[in-house]
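Q: Handing you this structure, nothing more for now.
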Amino acid sequence: RLHDDNLLQEALPSTGVETERILLEGDRWWLTLINSNEASTPSGEWMSQETFEWVLLLRGSACVALQNPDRIVDLSPGDHLLLPPHQLHRVERTDPAPGTLWLALHWDAA
């Protein structure tokens, strides 16, 4: 049975899909739960955002590629990563069922 108050019981999305839901938000910040099932950033694409993003892996594993400086980061439960504004990054892979579950805090430092 799924419970809205238990983040670890979030329903798994379809294979290849990543879902995101806002848990809390304030004036210049928001906290999201990201649920990935064998998801990755499309080949050749890079993500970048205007805000800071701090991610914490709650379940599963993931591999994230970063540019400038170029590096690959492997994440397991309990690992976290800070992405400053405009940091080019891409998700190389996430786990199949039961999937990869992330907690992500975004904030605008301006």
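The values are calculated or read from the model by the stated rules, or taken from the named source; none is laboratory data. As the structure is a prediction and not an experimental result, all values here were calculated from the model. Note that each Cβ is placed from the backbone with ideal geometry, even for glycine, and that neighbours are counted across all protein chains shown. For accessibility, only protein heavy atoms count, side chains too; no ligands or nucleic acids. Shrake-Rupley method; radii C 1.70, N 1.55, O 1.52, S 1.80 Å.
Q: Taking every pair of Cα atoms in the chain, average 1/r, invert it to obtain the Kirkwood radius, and report Rg/Rh to two decimals.
A: 0.96
Q: Something else now. What distance in nm lies between label points placed 7 Å from Cα along the C-beta direction at LEU12 and SER61?
A: My value for the distance between the label points is 1.7 nm.
Q: Once you order the gyration tensor axes a ≥ b ≥ c over the Cα atoms, which shape class does region 1-56 get: rounded for a/c under 1.5, otherwise prolate or oblate by comparing a/b with b/c?
A: Oblate.
Q: Counting only heavy atoms of the protein chains, get the accessible area per residue of the chain (1.4 Å probe) and round it to a whole Å² value.
A: 58
Q: Out of the total accessible area of the chain (probe 1.4 Å, heavy atoms of protein only), what percent is carbon and sulfur?
A: 53
Q: Quick one: among ARG90, ARG59, ARG71, which has the greatest mean-square fluctuation in a GNM of the chain with alpha-carbon springs under 10 angstrom?
A: ARG71
Q: How high is the relative contact order of the chain? Use alpha-carbon pairs under 8 Å, at least six apart in sequence, and give a whole percent.
A: It comes to 33 percent, rounded to a whole number.
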